[in-house]
């Protein structure tokens, strides 16, 4: 099996005072100007990451158009973005004081002030709002603004993830005068107004999103490009490769077919880097038959993960045993737990009352070839233990509505691309439909402890608990694979966090 080297080995809350650029070897001096065309799979339903789930929103918007107080570097570490520096944290870890950068302007010309930050987080922490991830802000008890450039967050309990949460795409800051009204938030879903190095120029529905250089960006030397266009081409990998060869496309942002890596290397820069995505088969834990742990464990034992990686992805991938990927903080190798054992899987199914007579619907987003290919192989493996898995292919936006929001599914598969995401199994009402008080207690202790060793041990216990209770099947992580034309520089070589970061990308002639 080909393994990709882990890059993120330390907790992601390690702060640096300035962004770090991991340059390509033999990279020339940056060139200003030019346009870039980036091939994407899926068109999202909106462009505001606070409004709902979808990695495509984050890929295009986060740190390109929309920024938060904190930001992510390529290696997953944090840096102050709209904050002028790292915050001052009280000894009891219940107060975080931020100073904002001076002279930062939103794309509509208004200046960023502390009131914009307060509007955002007063809304985000209100349980009555429609924020996509309210649990990230549930510990905030107050947001104070002593002056126009100072923000003070008060917490009810210590939260080791607080700075990380402020760096997430869901924590971006938009103009408070717009964001404070329902009408304004609705408008920002499709016409986002941020502070980033690019601003939205046009959204041609069904075709592309075009960004243009923000001439008023607070770092005057950035960005280098004049425009960047994200073009939606679905999962037609041949069309993307043909576009790269013809010059119509400059970058295939992700999901380059692993079987084409060696061929593409001859003419293009092929990036094979670290990824945070766990390919996860989720079972609806509150729906039969998956409310029975014997069935859930049987479905784990029925998956031959090594064969899927080898046969489906040419050995590019790392088998995992829990909901954490190689190279992420607190990762522990549990790939030997619940390992492939079809005989034991059939026995457990029979104990649960199923003797070659279990049928489930397997809902899969059509646009993602990794998930689709994995589902097809896994369905064949399930058939060998007497399970009929009927694959239901749906558009991704349908998947969001039906599976993620309404939880109307038996079984599904998706790549959980977000880094550092063990919290997902502690969220009430998350689409897994799994509610475990012991897991939640471990996670809460991990958030509050000031002892790094204890925190590490708690996160390891969480991963073991998942393998004991098996609310899902964690298959593997595959590397981040992108391809660019030879004259493109500055494209991130790793995906410790999900971004198609354009800030320092440039194009030579």
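Coordinate-derived values only; no laboratory data. Bear in mind the structure is a predicted one, so any value in this text is a computation, not a measurement.
See the values below:
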| quantity | calculated |
| --- | --- |
| Between helix 237-246 and the chain: long-axis angle, C-alpha atoms, 0 to 90°, nearest 10 | 40 degrees |
| Folded to 0 to 90 degrees: helix 342-351 orientation relative to the chain principal axis, Cα | 80 degrees |
| Length gained when the stretch residue 93-residue 407 is fully extended (0.36 nm per residue, less Cα-Cα span) | 109.4 nm |
| P(r) histogram, all alpha-carbon pairs of region 424-487 included - 10 Å bins from 0, percent | 18, 38, 25, 11, 8, 0 |
| Inter-part distance where region 398-451 and region 146-223 are each reduced to a Cα centre, Å | 25 Å |
| Taking only Cα atoms of region 188-336, radius of gyration then Dmax in Å | 20.9, 59 |
| Region 353-443 - Rg and Dmax from Cα coordinates, angstrom | 14.8, 39 |
| The chain: angle of helix 452-469 to the longest principal axis, Cα-based, in degrees nearest 10 | 40 degrees |
| Cα-derived Rg to Rh of region 278-478, Kirkwood definition | 0.95 |
| Pairwise centroid distance, computed over Cα atoms, of region 24-66 with region 277-297, Å | 33 Å |
| Cα-Cα pairs of region 254-312 separated by more than 16 Å (percent) | 63 percent |
| Cα-based Rg of region 385-509 normalised by 2.2 N^0.38 Å, two decimals | 1.39 |
